Amino acid sequence: MSLNAVRPWRNIYRRKSRQIFVGSVPVGGDAPISVQTMTNTLTTDIAGTIAQVQAAAEAGADIVRISIPDEDSSKALREIVMESPVPIVADIHFHYKRGIEAAEAGAACLRINPGNIGNEKRILEVIKAARDNNCSIRIGVNAGSLEKHLLDKYGEPCPDAMVESGLDHIRILQDNDFHEFKISVKASDVFLAAAAYQALAEATDAPIHLGITEAGGLRTGTIKSAIGLGNLLWMGIGDTVRVSLSADPVEEVKVGYEVLKSLGLRHKGVNIISCPSCARQGFDVIKTVEELEQRLAHIKTPMSLSIIGCVVNGPGEALMTDVGFTGGGAGHGMVYWSGKQDHKVNNDKMVDHIVELVEKKAEAIETKSHNIESMEEV
């Protein structure tokens, strides 16, 4: 019996959306919520951009977006796409021809902003290029670049204006029999973005791309994104996410996964449950967790690890994790394996020992999963 069956209050009922594909990655429907990021290199720096895409993919990014501001970037995109281990979304602003060039260069998806790409005739040319090249589209509405007639109508960026913009452009795509699209209604204001996304979710069955745009630096942007995206995801809204940080794109991927992991929506890598530490700690919890985060970053298998400084909450937390360590006295602590007390280990050997145990547990989980898959195939 699954944990959610035992504890129904943990369930999140995702909004029903139709499914599209960004390259090989399904978005919407019953597909896992995908994690995206965006490169911040000059696209014409082909080697640097490829390196950043590969680093993001290694961190777990399912999709990577690249800005295409000029014709030279369009030319560079072709080589970048060939070297990328994940589907590439071409980010298009102002110049509709860049969208056509990007589709022809192999982009898996085009991100277009209705407010600044031009008139309907130009949008139709982009649609044709997308269709001809098996490319999906993201309608990217942004509070900071709404169409003038909507700003005149509503007086300021607001949820109704953002949703109206999105629906207007959905109609253009659908009127031209193009249905491989997803949509976003981003704002830097958490309240504005959340309200717009809630209204959008009720107005269309299109897959929704979530984001709090221009959220800020690593710390402030993480907090804003966790609040905004977390609440929407909790309501079942969202099929793919991008955390926008003034930071390394790899950090965006990490934060995106942590938000999804905290809600039980994606499971990738080691989920470390640790205490904030206090005078009762039997070892340096903060230093230990920092070291373990670095040394266990290569583990992709979903599993849990509890690192608790003392016996107040340690044994209880360890009962619910795959591997656990609880601080004790006299320079050693208790190791837990699959929720049960197993053996003691000295604090000075603890980190190496836990890394070894986590790697062993990950291998066992992967072996079991492989065996189950093999039996199902038979």
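The values are calculated or read from the model by the stated rules, or taken from the named source; none is laboratory data. Quick caveat, the model's predicted, so the values are computed rather than measured. Methodologically, a virtual Cβ is constructed for each residue, glycine included, from the backbone with ideal geometry; neighbour enumeration extends over all protein chains shown. Areas reflect the complete protein model, heavy atoms only, side chains present, ligands, DNA and RNA absent. Shrake-Rupley method; radii C 1.70, N 1.55, O 1.52, S 1.80 Å.
Only a single criterion out of (1) at pLDDT below 95; (2) of a type outside the set (Asp, Glu); (3) under 20 Å from the mean Cα position of the chain (by Cα) is not satisfied by ASN4, namely (3). Residue count for the stretch 179-230 under the criterion of being open to solvent by 10 Å² or more (accessible area, probe 1.4 Å) and part of a loop (DSSP other than H, G, I, E, B): the result is 10.
With the structure loaded, tell me whether LYS261 is of a type in the set (Lys, Arg) and modelled with pLDDT under 90 or whether it fails that test. Spell out the reasoning first.
Values: of a type in the set (Lys, Arg): yes; modelled with pLDDT under 90: no.
Spelling it out, it is not the case that LYS261 is of a type in the set (Lys, Arg) and modelled with pLDDT under 90.
Residues in the stretch 306-329 that are out of contact with any Cys (no Cβ under 6 Å at 6 or more places or on another chain) and among the β-branched types (Val, Ile, Thr): ILE307, VAL311, VAL312, THR321, VAL323, THR326.
Among the residues of the stretch 36-54, is any open to solvent by 70 Å² or more (accessible area, probe 1.4 Å) and modelled with pLDDT under 95? No, because not a single residue in the stretch 36-54 is open to solvent by 70 Å² or more (accessible area, probe 1.4 Å) and modelled with pLDDT under 95.
In the stretch 130-143, which residue that is open to solvent by 10 Å² or more (accessible area, probe 1.4 Å) and under 23 Å from VAL27 (Cα atoms) is modelled with the lowest pLDDT? Steps first, answer last, please.
Residues of the stretch 130-143 that are open to solvent by 10 Å² or more (accessible area, probe 1.4 Å), as a first pass: 131-134, 142-143.
So of that shortlist, the ones also under 23 Å from VAL27 (Cα atoms) come out as 131-134, 142.
Numbers: ARG131: 96, ASP132: 97, ASN133: 97, ASN134: 96, ASN142: 92.
For the stretch 130-143, the residue satisfying everything is ASN142.
Figure legend. Inter-residue proximity from the stretch 241-262: first residues closer than 21 Å to VAL25 by Cα, second residues open to solvent by less than 30 Å² (accessible area, probe 1.4 Å) and charged (D, E, K, R), beta-carbon distance below 6 Å, spacing 6+ or different chains. Indicated pairs: VAL243/GLU252.
Restricting attention to the stretch 264-294, and to residues there that are basic (Lys, Arg) and modelled with pLDDT under 95, which single residue is nearest to LYS349 (Cα to Cα)? Give the derivation first.
Filtering the stretch 264-294 down to residues basic (Lys, Arg) leaves 266, 268, 280, 287.
Next cut, modelled with pLDDT under 95 only: 266, 268, 280.
On the way: ARG266: 32, LYS268: 27, ARG280: 20 Å.
Selected residue: ARG280.
I need every pair where a residue in the stretch 87-113 that is part of a strand (DSSP E or B) has its Cβ under 7 Å from the Cβ of a residue that is of a type in the set (S, T, N, Q), sequence separation at least 6 or different chains. So the pair list comes out as ASP91/SER67; CYS109/SER136. Within the stretch 67-86, track down each residue that is without any contact (Cβ under 8 Å) to a residue 40 or more places away in the chain and aliphatic (A, V, I, L, M). Listed by number, the residues that qualify are ILE68, ALA76, LEU77, ILE80, VAL81, MET82.
If we keep just the residues of the stretch 270-316 that are in a helix (DSSP H, G or I) and free of Cβ contacts under 8 Å to residues at least 12 places away in the same chain, which is most open to solvent (accessible area, probe 1.4 Å)? Talk me through it step by step, then tell me what you get.
Quick first cut of the stretch 270-316, residues in a helix (DSSP H, G or I) only: 285-295, 314-316.
From the residues that got through so far, the ones that are free of Cβ contacts under 8 Å to residues at least 12 places away in the same chain too are 286-287, 290, 294, 316.
Details: ILE286: 93, LYS287: 129, GLU290: 104, GLN294: 145, GLY316: 36 Å².
By that ranking, first place goes to GLN294.
Looking at ARG171, ARG111, ARG122, can you tell me which residue is at pLDDT 90 or above and over 26 Å from the mean Cα position of the chain (by Cα)? ARG171 is the lone residue from the list that is at pLDDT 90 or above and over 26 Å from the mean Cα position of the chain (by Cα).
Against the definition (open to solvent by 10 Å² or more (accessible area, probe 1.4 Å), farther than 24 Å from PRO26 by Cβ, touching a residue at least 24 places away in the same chain (Cβ under 8 Å) and acidic (Asp, Glu)), how does GLU164 come out, yes or no? The answer is no for GLU164.
In the list LYS344, LYS360, which residue meets the criterion of being outside any helix (DSSP H, G or I) and open to solvent by 20 Å² or more (accessible area, probe 1.4 Å)? Steps first, answer last, please.
Working: LYS360 fails: outside any helix (DSSP H, G or I).
Unique residue meeting the criteria: LYS344.
Of the residues in the stretch 321-341, how many are outside any strand (DSSP E or B), over 30 Å from the mean Cα position of the chain (by Cα) and farther than 19 Å from PRO276 by Cα?
Let us first name the residues in the stretch 321-341 that are outside any strand (DSSP E or B), namely 321-322, 328-331, 338-339.
This time we only want the ones that are over 30 Å from the mean Cα position of the chain (by Cα), so: 328-331.
When the remaining residues are screened for being farther than 19 Å from PRO276 by Cα, the result is 330-331.
Qualifying residue count for the region: 2.
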